[in-house]
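Step one of this worksheet: look at the structure below.
The values are calculated or read from the model by the stated rules, or taken from the named source; none is laboratory data. Quick caveat: nothing in here was measured; it's all calculated off a predicted structure. Here the Cβ positions follow ideal geometry from the backbone for every residue, glycine too, while neighbour counts run over all protein chains shown. Heavy atoms of the whole protein, side chains included, go into the accessibility calculation; ligands, DNA and RNA do not. Shrake-Rupley method; radii C 1.70, N 1.55, O 1.52, S 1.80 Å.
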Amino acid sequence: MKNENEQPIGVFDSGLGGLTVVKQLQRILPNEHLVYFGDTARIPYGTKSKWLIQRFAMEDALFLLEFDIKLLVVACNTASSSALPILQNRLDIPVVGVVEPGAIAAVKETKNKKIGVIGTSATIGSGSYTQAILNRMPEAEVLGQPCPLLVPLVEEGWLDGEVTVLTLKKYLKPLMEAGVDTIILGCTHYPLLEPVIQRIVGPQVKLIDSGKETAKAVQKILKDLDLLNPKVKQSEDQYFVSDSPEAFSRIGSIFLGKQLPKVERVDFDRFLIEKSSSPLLQNLNEVVHAE
Ligand code: DGL
(Lines give C-alpha, C1' and ligand atoms only; values in the text may rest on other atoms or scores of the structure.)
Protein backbone atom coordinates (compact mmCIF):
# COMPACT_ATOMS: atom_id res chain seq x y z
CA MET A 1 0.00 0.00 0.00
CA LYS A 2 1.19 3.51 -0.87
CA ASN A 3 2.06 6.18 1.64
CA GLU A 4 -1.23 8.00 2.33
CA ASN A 5 -0.05 11.26 0.74
CA GLU A 6 0.66 9.44 -2.51
CA GLN A 7 -2.75 7.81 -2.75
CA PRO A 8 -4.91 9.19 -5.58
CA ILE A 9 -7.91 11.51 -5.44
CA GLY A 10 -11.10 10.01 -6.88
CA VAL A 11 -13.37 12.20 -9.00
CA PHE A 12 -16.72 11.16 -10.39
CA ASP A 13 -19.36 12.72 -12.56
CA SER A 14 -22.41 11.57 -14.51
CA GLY A 15 -20.35 11.82 -17.69
CA LEU A 16 -17.69 14.04 -19.14
CA GLY A 17 -18.68 17.37 -17.60
CA GLY A 18 -16.62 16.63 -14.51
CA LEU A 19 -13.53 17.11 -16.64
CA THR A 20 -13.98 20.85 -16.09
CA VAL A 21 -13.35 20.12 -12.40
CA VAL A 22 -10.41 17.85 -13.25
CA LYS A 23 -8.93 20.70 -15.27
CA GLN A 24 -9.02 22.96 -12.20
CA LEU A 25 -7.63 20.23 -9.92
CA GLN A 26 -4.76 19.56 -12.32
CA ARG A 27 -4.05 23.29 -12.50
CA ILE A 28 -3.65 23.90 -8.77
CA LEU A 29 -2.68 20.41 -7.56
CA PRO A 30 -0.26 19.20 -10.24
CA ASN A 31 1.33 16.55 -7.98
CA GLU A 32 -1.92 14.80 -7.18
CA HIS A 33 -2.78 11.64 -9.03
CA LEU A 34 -6.44 11.63 -10.16
CA VAL A 35 -8.69 8.69 -10.95
CA TYR A 36 -11.81 9.81 -12.82
CA PHE A 37 -15.01 7.89 -13.35
CA GLY A 38 -17.64 9.20 -15.79
CA ASP A 39 -20.92 7.32 -15.67
CA THR A 40 -21.55 7.85 -19.38
CA ALA A 41 -23.90 4.86 -19.60
CA ARG A 42 -26.40 6.49 -17.24
CA ILE A 43 -26.02 10.20 -18.03
CA PRO A 44 -27.95 12.49 -17.55
CA TYR A 45 -28.40 12.55 -13.78
CA GLY A 46 -29.95 16.01 -13.95
CA THR A 47 -33.39 14.72 -14.95
CA LYS A 48 -33.50 11.84 -12.44
CA SER A 49 -35.09 11.51 -9.02
CA LYS A 50 -33.23 12.04 -5.78
CA TRP A 51 -33.22 8.38 -4.71
CA LEU A 52 -31.86 7.23 -8.07
CA ILE A 53 -29.13 9.89 -8.06
CA GLN A 54 -28.14 8.78 -4.54
CA ARG A 55 -27.87 5.16 -5.62
CA PHE A 56 -25.85 6.04 -8.72
CA ALA A 57 -23.56 8.29 -6.70
CA MET A 58 -22.89 5.57 -4.12
CA GLU A 59 -22.14 3.07 -6.88
CA ASP A 60 -19.75 5.50 -8.60
CA ALA A 61 -17.99 6.10 -5.28
CA LEU A 62 -17.72 2.36 -4.68
CA PHE A 63 -15.87 1.97 -7.98
CA LEU A 64 -13.36 4.70 -7.08
CA LEU A 65 -12.78 3.22 -3.62
CA GLU A 66 -11.16 0.26 -5.43
CA PHE A 67 -8.22 2.60 -6.13
CA ASP A 68 -7.52 3.25 -2.48
CA ILE A 69 -8.30 6.96 -2.85
CA LYS A 70 -7.50 9.40 -0.05
CA LEU A 71 -10.30 11.85 -0.91
CA LEU A 72 -13.39 11.81 -3.13
CA VAL A 73 -14.55 14.75 -5.25
CA VAL A 74 -18.17 14.72 -6.38
CA ALA A 75 -17.68 16.82 -9.51
CA CYS A 76 -21.30 16.51 -10.59
CA ASN A 77 -23.50 19.33 -9.27
CA THR A 78 -26.58 17.11 -9.47
CA ALA A 79 -24.95 14.33 -7.42
CA SER A 80 -23.49 16.86 -4.98
CA SER A 81 -26.96 18.35 -4.51
CA SER A 82 -28.71 15.04 -3.83
CA ALA A 83 -26.13 12.64 -2.48
CA LEU A 84 -23.39 14.48 -0.59
CA PRO A 85 -24.70 13.85 2.98
CA ILE A 86 -25.18 10.14 2.38
CA LEU A 87 -21.72 9.80 0.82
CA GLN A 88 -20.15 11.72 3.69
CA ASN A 89 -21.99 9.56 6.23
CA ARG A 90 -21.04 6.25 4.73
CA LEU A 91 -17.49 6.80 3.47
CA ASP A 92 -14.54 7.04 5.82
CA ILE A 93 -12.53 9.42 3.63
CA PRO A 94 -13.19 13.15 3.06
CA VAL A 95 -15.90 13.71 0.43
CA VAL A 96 -15.98 17.13 -1.25
CA GLY A 97 -18.91 18.32 -3.36
CA VAL A 98 -19.15 21.36 -5.62
CA VAL A 99 -22.14 23.09 -3.99
CA GLU A 100 -20.62 24.42 -0.76
CA PRO A 101 -17.49 25.89 -2.39
CA GLY A 102 -19.62 27.60 -5.07
CA ALA A 103 -22.05 28.97 -2.48
CA ILE A 104 -19.26 30.27 -0.22
CA ALA A 105 -17.63 32.10 -3.14
CA ALA A 106 -20.96 33.67 -4.15
CA VAL A 107 -21.63 34.92 -0.61
CA LYS A 108 -18.17 36.51 -0.56
CA GLU A 109 -18.70 38.11 -3.95
CA THR A 110 -22.23 39.55 -3.82
CA LYS A 111 -22.69 43.19 -2.90
CA ASN A 112 -26.49 43.48 -3.17
CA LYS A 113 -27.14 39.99 -1.68
CA LYS A 114 -29.07 38.90 -4.77
CA ILE A 115 -27.59 35.67 -6.12
CA GLY A 116 -28.68 33.65 -9.15
CA VAL A 117 -28.00 29.92 -9.55
CA ILE A 118 -28.26 28.05 -12.83
CA GLY A 119 -28.13 24.25 -13.02
CA THR A 120 -29.94 21.09 -14.03
CA SER A 121 -33.56 20.57 -13.00
CA ALA A 122 -32.49 18.19 -10.21
CA THR A 123 -29.88 20.59 -8.85
CA ILE A 124 -32.24 23.56 -8.76
CA GLY A 125 -35.15 21.41 -7.56
CA SER A 126 -33.07 20.16 -4.61
CA GLY A 127 -32.59 23.72 -3.33
CA SER A 128 -29.02 22.76 -2.36
CA TYR A 129 -27.37 26.00 -3.43
CA THR A 130 -30.13 28.13 -1.89
CA GLN A 131 -29.74 26.33 1.43
CA ALA A 132 -25.93 26.57 1.38
CA ILE A 133 -26.15 30.32 0.66
CA LEU A 134 -28.86 31.02 3.26
CA ASN A 135 -26.88 29.13 5.92
CA ARG A 136 -24.18 31.76 5.51
CA MET A 137 -26.23 34.79 4.53
CA PRO A 138 -29.83 34.39 5.78
CA GLU A 139 -30.88 37.73 4.33
CA ALA A 140 -29.77 36.79 0.79
CA GLU A 141 -32.25 36.55 -2.05
CA VAL A 142 -31.48 33.44 -4.11
CA LEU A 143 -33.02 32.79 -7.50
CA GLY A 144 -32.64 29.32 -8.97
CA GLN A 145 -33.12 28.76 -12.68
CA PRO A 146 -33.18 25.24 -14.14
CA CYS A 147 -31.57 25.19 -17.60
CA PRO A 148 -32.17 21.68 -18.96
CA LEU A 149 -31.28 22.57 -22.56
CA LEU A 150 -27.75 23.70 -21.82
CA VAL A 151 -26.11 20.30 -21.25
CA PRO A 152 -27.13 18.96 -24.70
CA LEU A 153 -26.07 22.24 -26.36
CA VAL A 154 -22.61 22.09 -24.78
CA GLU A 155 -22.19 18.40 -25.60
CA GLU A 156 -23.08 19.25 -29.19
CA GLY A 157 -20.24 21.78 -29.15
CA TRP A 158 -22.64 24.71 -29.56
CA LEU A 159 -20.81 27.04 -27.24
CA ASP A 160 -21.94 30.21 -29.00
CA GLY A 161 -24.18 31.11 -31.95
CA GLU A 162 -27.83 31.94 -32.36
CA VAL A 163 -29.54 28.96 -30.71
CA THR A 164 -27.28 29.00 -27.65
CA VAL A 165 -27.51 32.77 -27.20
CA LEU A 166 -31.33 32.75 -27.51
CA THR A 167 -31.65 29.86 -25.08
CA LEU A 168 -29.35 31.53 -22.57
CA LYS A 169 -31.14 34.86 -22.88
CA LYS A 170 -34.44 33.17 -22.05
CA TYR A 171 -33.00 31.34 -19.04
CA LEU A 172 -31.09 34.37 -17.75
CA LYS A 173 -33.89 36.92 -18.17
CA PRO A 174 -35.62 36.30 -14.79
CA LEU A 175 -32.28 36.54 -13.00
CA MET A 176 -31.39 39.81 -14.70
CA GLU A 177 -34.88 41.22 -14.06
CA ALA A 178 -34.45 40.39 -10.37
CA GLY A 179 -31.17 42.33 -10.39
CA VAL A 180 -28.75 39.59 -9.30
CA ASP A 181 -25.14 40.73 -9.15
CA THR A 182 -23.68 37.21 -8.89
CA ILE A 183 -24.53 34.01 -10.77
CA ILE A 184 -23.30 30.55 -9.80
CA LEU A 185 -22.56 28.26 -12.74
CA GLY A 186 -24.05 25.26 -10.95
CA CYS A 187 -23.36 22.57 -13.54
CA THR A 188 -20.20 20.92 -14.80
CA HIS A 189 -20.90 22.01 -18.37
CA TYR A 190 -21.43 25.72 -17.82
CA PRO A 191 -17.79 26.87 -17.53
CA LEU A 192 -17.64 26.28 -21.29
CA LEU A 193 -20.43 28.82 -21.71
CA GLU A 194 -18.83 31.36 -19.40
CA PRO A 195 -17.74 33.81 -22.15
CA VAL A 196 -21.17 33.92 -23.78
CA ILE A 197 -22.99 34.14 -20.44
CA GLN A 198 -20.73 37.01 -19.37
CA ARG A 199 -21.46 38.79 -22.64
CA ILE A 200 -25.22 38.43 -22.09
CA VAL A 201 -25.32 39.49 -18.43
CA GLY A 202 -22.65 42.20 -18.75
CA PRO A 203 -19.38 42.77 -16.91
CA GLN A 204 -21.07 44.02 -13.72
CA VAL A 205 -22.38 40.52 -12.92
CA LYS A 206 -19.86 38.18 -11.31
CA LEU A 207 -19.90 34.55 -12.50
CA ILE A 208 -18.85 31.84 -10.05
CA ASP A 209 -17.33 28.64 -11.40
CA SER A 210 -18.14 26.01 -8.76
CA GLY A 211 -15.49 23.65 -10.14
CA LYS A 212 -12.73 26.23 -9.69
CA GLU A 213 -13.86 26.90 -6.12
CA THR A 214 -14.01 23.17 -5.41
CA ALA A 215 -10.40 22.67 -6.51
CA LYS A 216 -9.37 25.37 -4.02
CA ALA A 217 -11.43 23.65 -1.29
CA VAL A 218 -9.75 20.30 -2.04
CA GLN A 219 -6.32 21.93 -1.84
CA LYS A 220 -7.19 23.40 1.56
CA ILE A 221 -8.56 20.12 2.96
CA LEU A 222 -5.49 18.17 1.83
CA LYS A 223 -3.22 20.80 3.32
CA ASP A 224 -5.12 20.86 6.64
CA LEU A 225 -5.04 17.06 6.85
CA ASP A 226 -1.38 16.98 5.81
CA LEU A 227 -2.34 14.83 2.84
CA LEU A 228 -0.81 16.81 -0.04
CA ASN A 229 1.44 14.72 -2.27
CA PRO A 230 4.96 16.19 -2.09
CA LYS A 231 6.21 14.03 -4.97
CA VAL A 232 6.14 15.14 -8.60
CA LYS A 233 3.58 13.13 -10.57
CA GLN A 234 5.23 10.38 -12.60
CA SER A 235 2.28 8.82 -14.42
CA GLU A 236 -0.83 10.02 -16.26
CA ASP A 237 -4.14 10.43 -14.45
CA GLN A 238 -6.55 7.55 -15.05
CA TYR A 239 -9.93 7.87 -16.77
CA PHE A 240 -12.74 5.31 -16.69
CA VAL A 241 -16.22 5.41 -18.23
CA SER A 242 -19.23 3.09 -18.16
CA ASP A 243 -19.97 3.40 -21.91
CA SER A 244 -17.76 3.54 -24.97
CA PRO A 245 -14.62 5.66 -24.49
CA GLU A 246 -14.42 7.11 -28.03
CA ALA A 247 -16.92 9.96 -27.75
CA PHE A 248 -15.72 10.68 -24.23
CA SER A 249 -12.14 11.09 -25.43
CA ARG A 250 -13.14 13.25 -28.37
CA ILE A 251 -15.54 15.67 -26.65
CA GLY A 252 -13.71 15.36 -23.33
CA SER A 253 -10.68 17.13 -24.72
CA ILE A 254 -12.81 20.29 -25.11
CA PHE A 255 -13.79 20.08 -21.44
CA LEU A 256 -10.27 19.31 -20.25
CA GLY A 257 -8.60 21.78 -22.59
CA LYS A 258 -6.11 19.15 -23.76
CA GLN A 259 -5.94 15.66 -25.22
CA LEU A 260 -6.95 12.87 -22.85
CA PRO A 261 -4.68 9.89 -22.28
CA LYS A 262 -6.13 6.38 -22.61
CA VAL A 263 -9.74 6.11 -21.44
CA GLU A 264 -10.93 2.68 -20.30
CA ARG A 265 -14.43 1.28 -20.35
CA VAL A 266 -15.53 -0.46 -17.17
CA ASP A 267 -18.06 -3.28 -17.29
CA PHE A 268 -20.07 -1.45 -14.67
CA ASP A 269 -23.04 -3.88 -14.62
CA ARG A 270 -20.67 -6.67 -13.78
CA PHE A 271 -18.84 -4.60 -11.19
CA LEU A 272 -22.15 -3.83 -9.49
CA ILE A 273 -23.23 -7.48 -9.46
CA GLU A 274 -19.92 -8.41 -7.85
CA LYS A 275 -20.36 -5.66 -5.26
CA SER A 276 -24.07 -6.11 -4.64
CA SER A 277 -23.54 -7.20 -1.04
CA SER A 278 -21.35 -4.19 -0.17
CA PRO A 279 -22.65 -2.53 3.02
CA LEU A 280 -22.33 0.84 1.26
CA LEU A 281 -25.12 -0.12 -1.12
CA GLN A 282 -27.55 -1.47 1.47
CA ASN A 283 -30.75 0.30 2.53
CA LEU A 284 -30.21 3.29 0.29
CA ASN A 285 -33.89 3.67 -0.48
CA GLU A 286 -34.87 3.34 3.16
CA VAL A 287 -32.49 6.13 4.07
CA VAL A 288 -33.92 8.37 1.39
CA HIS A 289 -37.53 7.68 2.26
CA ALA A 290 -36.88 8.19 5.96
CA GLU A 291 -35.64 11.73 5.34
N1 DGL B 1 -22.86 16.67 -14.46
C2 DGL B 1 -24.18 17.18 -14.35
C3 DGL B 1 -24.20 18.35 -13.35
O4 DGL B 1 -23.20 18.97 -13.07
C5 DGL B 1 -24.75 17.61 -15.70
C6 DGL B 1 -25.08 16.45 -16.60
C7 DGL B 1 -26.20 15.57 -16.09
O8 DGL B 1 -27.37 15.97 -16.08
O9 DGL B 1 -25.91 14.45 -15.68
O10 DGL B 1 -25.23 18.66 -12.83
### Query
Carbon and sulfur together cover what percent of the accessible area of the chain at a 1.4 Å probe radius?
53 percent
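From the mean inverse distance of alpha carbon pairs (Kirkwood) and the Cα radius of gyration, derive Rg over Rh for the stretch 196-235. Kindly include the intermediate steps, with their values, before the conclusion.
On the way: Rg = 16.2 Å, Rh = 12.9 Å.
Radius of gyration over Kirkwood radius for the stretch 196-235 works out to 1.26.
Could you pull out the trypsin sites (Lys or Arg not before Pro) across the stretch 206-291 that fall in loop regions by DSSP (anything but H, G, I, E, B) with no more than 13 other Cβ atoms inside 10 Å?
Details: sites: 206, 212, 216, 220, 223, 231, 233, 250, 258, 262, 265, 270, 275; in loops: 231, 233, 258, 262, 275.
Loop-located and lightly packed - 231, 258, 262.
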## Note on the structure
Candidate cut points under GluC sites (Glu not before Pro) in the stretch 170-278, DSSP loop plus at most 14 other Cβ atoms within 10 Å of their own Cβ, are 236
### Task
Taking the chain as the reference, fit the longest principal axis to its C-alpha atoms, fit the long axis of helix 19-28 to the helix C-alpha atoms, and give the angle between the two in degrees, 0 to 90, nearest 10.
80 degrees
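Give me the dipole magnitude in Debye, nearest 20, for the stretch 185-291 about the Cα centre, with unit charges on the beta carbon: positive for Lys and Arg, negative for Asp and Glu. Could you put the intermediate results ahead of the total?
Values: 14 positive and 15 negative charges, 122 e Å.
Charge dipole, the stretch 185-291, about its Cα centre: 580 debye, nearest 20.
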### Message
Bins of 10 Å, beginning at zero and ending with the bin holding the largest distance: percent of Cα pairs per bin for the stretch 149-291, please.
### Response
9, 23, 28, 29, 11, 0
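Hey, what D do you get for the chain in µm²/s if you plug the Kirkwood alpha-carbon radius into Stokes-Einstein at 10 °C and 1.306 mPa s? Write out the running numbers ahead of the final one.
Working: Rh = 19.2 Å.
So the translational diffusion coefficient is about 83 µm²/s.
If you take the Cα Rg of the stretch 1-122 and divide it by 2.2 N^0.38 Å, with N the number of residues, what do you get?
Details: Rg = 14.8 Å, N = 122, 2.2 N^0.38 = 13.7 Å.
For the stretch 1-122, the normalised Cα radius of gyration is 1.08.
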### Approximate spin-label separation residue 233-residue 272, in nm, with each point projected 7 Å along Cα-to-Cβ
2.9 nm
### Message
What lysines does residue 231 reach when the alpha-carbon gap must be under 27 Å and sequence neighbours fewer than 8 apart in one chain are set aside?
### Response
2, 23, 70, 212, 216, 220, 223, 258, 262
### Query
Which entries in the list 111/169; 111/206; 48/173 go over 21 Å, if you measure between the two C-alpha atoms of each?
111/169; 48/173
### Message
Mean-square fluctuation check for the chain, GNM, Cα pairs under 10 Å: which of 209, 39, 92 is largest?
### Response
92
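Just the number, please: percent antiparallel of the DSSP beta bridges in the chain, rounded to the nearest 5. Walk me through the numbers on the way to the answer.
Numbers: 0 of 34 bridges.
Bridges in the chain are about 0 percent antiparallel.
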